[in-house]
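A quick write-up on the structure given underneath.
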Amino acid sequence: MVLSSVTRCCPTLQCVPVISRNLAVPRPNVLLFKSARRRETTQLNIRSLGSLSSTPVLLASSSLSSPSSSSKLVSKATGSLRGGKLVCLLRVSPRRPSPTPSRRGIHTQVGVMAKSKFEYVKQFETDDPCLQNCWIVVRIDGKAFHKFTDVHHYMKPNDERGLGLMTRAAQTVMADFSEVVLAYGQSDEFSFVFHKNCKLYNRRASKIMTNVVSLFASSFTLYWPRYFNTQELQYPPAFDARVVLYPSDDNLRDYLSWRQADCHINNLYNTCFWKLVQEKGLTPAQSQERLKGTLSSDKNELLYSQFNINYNNLPELYRKGTVLIRPRDAEAQSERETNNYRGYSASKKSERKPGSVVLHSDIIGKKFWEEHPYILNPKLYGS
Ligand SMILES: Nc1nc2c(ncn2[C@@H]2O[C@H](COP(=O)(O)OP(=O)(O)O)[C@@H](O)[C@H]2O)c(=O)[nH]1
Ligand SMILES: [Mg+2]
């Protein structure tokens, strides 16, 4: 952008690309300015130019932030050249904080050349770090699972094989990412909670999210035969993913409560819906009409009076979904009972076991969090 604007404003200038090993200019004088104070930088620049011989000059300045500022600088600079020839004007990107700047393709000296003239495109990449001190939640969700579950003859409304497979894939993610303190799943979704001090991939959201979702999807496929035996996978399933940040423990708990409430609402509705279709012979449209506008209490009553089902006696897997926590977190309650809080202090965080324990607990109420206080304990996860 800068080069083309310079050429347009000053057609007599010879501009050549310089991010190249094949620089066509023999030993150009290089002026490199990094000051953020543009005015001072330009003054220095022009004074220096005045004393140069006729050797071509390569100008590089971080002050060239826009086409207009670059063309102003060029007209001043050419006036001061006195026979010298301005060969190129190069915008230098500000140095980014990075442990390995040379690998990131940012060059503030001409002596450090890029690997190829194409490497500048790396600068178009942007980082997307998650805000510090926030819980990082990655939620994955099956793509068009209404169709996937139909094609693969899932039981309605809940298929134990399918839910088991989802849990197995989530356990693989937990085994691979020790930073996950809890995962919660229901239907075709799973949420993974990364602790707030997590440093994984420098907290880059895309990197965390894509690794989680791709590992989940490949595990789902890998373990398919274990859950569906001879029934073959008809096509590769896909999952979307998102990263959501929660700044407080209460926000995180409310998020998890929201997902579990969603599980309950859907399961109650779906249980009624499919009972009416499968056992009362209603069409899906009739069943939908029958349930329109009903409250939870109406649906509970319908199940009890028409099908002799006490909703609260249905499997917790269906009503509450699946909670995965670390083995030591699961042991926390018994440790509390033996008054051994210190045994689980930050100094012993290395003792955290890999793997995960499967629960179908209520996570909306306080009880779960009181029984497992260590899940939200930031001291365990460093700072
Ligand atoms: N039959 C059956 N279907 C399920 C089960 N779990 C999830 N599903 C289906 O997956 C869908 C998941 O919802 P959602 O993500 O909103 O829909 P999607 O866009 O089609 O993936 C549900 O509406 C069901 O159709 C199950 O255990 N049994
Ligand atoms: Mg889905």
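FYI, it's all coordinate maths here, none of it is from the lab. As the structure is a prediction and not an experimental result, all values here were calculated from the model. Here Cβ is always computed from backbone atoms with ideal geometry, including for glycine, and neighbour counts include all displayed protein chains.
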Can you give the local net charge around Phe145? Use residues other than it whose beta-carbon is closer than 10 angstrom to its beta-carbon, Lys and Arg +1, Asp and Glu -1.
-2
In what sequence, highest mean first, do 166-178, 196-208 appear when ranked by Cβ atoms within 10 angstrom?
166-178, 196-208
Ranked on Cβ counts within 10 Å of their own Cβ, fewest leading, Phe368, Phe192, Phe216 go Phe368, Phe216, Phe192
How much net charge surrounds Phe220 when only other residues with a Cβ under 13 Å from its Cβ are counted (Lys, Arg +1; Asp, Glu -1)?
+1
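Suppose the chain between Gln286 and Phe118 were pulled fully straight at 0.36 nm per residue; how much longer would it get relative to their current alpha carbon spacing?
Details: separation 168, 0.36 × 168 = 60.48 nm, distance 6.22 nm.
Gain on stretching Gln286 to Phe118: 54.3 nm.
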Estimated FRET transfer efficiency (Ala261, Lys147; beta-carbon r; R0 22 Å; 0.05):
0.30
Would you compute the Debye intensity of the range 135-381 from its alpha-carbon atoms alone, equal scatterers and no solvent, and pass along log10 I(q)/I(0) at q = 0.13, 0.17 Å⁻¹ to two decimals?
-0.87, -1.30
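Want the number for Lys379 to Thr294: 0.36 nm per residue separation, take away the alpha-carbon distance, what's left? Present the calculation step by step, with values, prior to reporting the outcome.
Details: separation 85, 0.36 × 85 = 30.60 nm, distance 4.61 nm.
Between Lys379 and Thr294, full extension yields an extra 26.0 nm.
Would you order Thr149, Thr230, Thr322 from fewest to most other beta-carbon atoms within 10 Å of each residue's own beta-carbon?
Values: Thr149 18, Thr230 5, Thr322 22.
Ranked by crowding around the Cβ, least crowded first: Thr230, Thr149, Thr322.
Most exposed first by the Cβ proxy, i.e. fewest other Cβ within 10 Å, how do Tyr374, Tyr381 rank?
Details: Tyr374 23, Tyr381 19.
Least to most surrounded, the residues fall as Tyr381, Tyr374.
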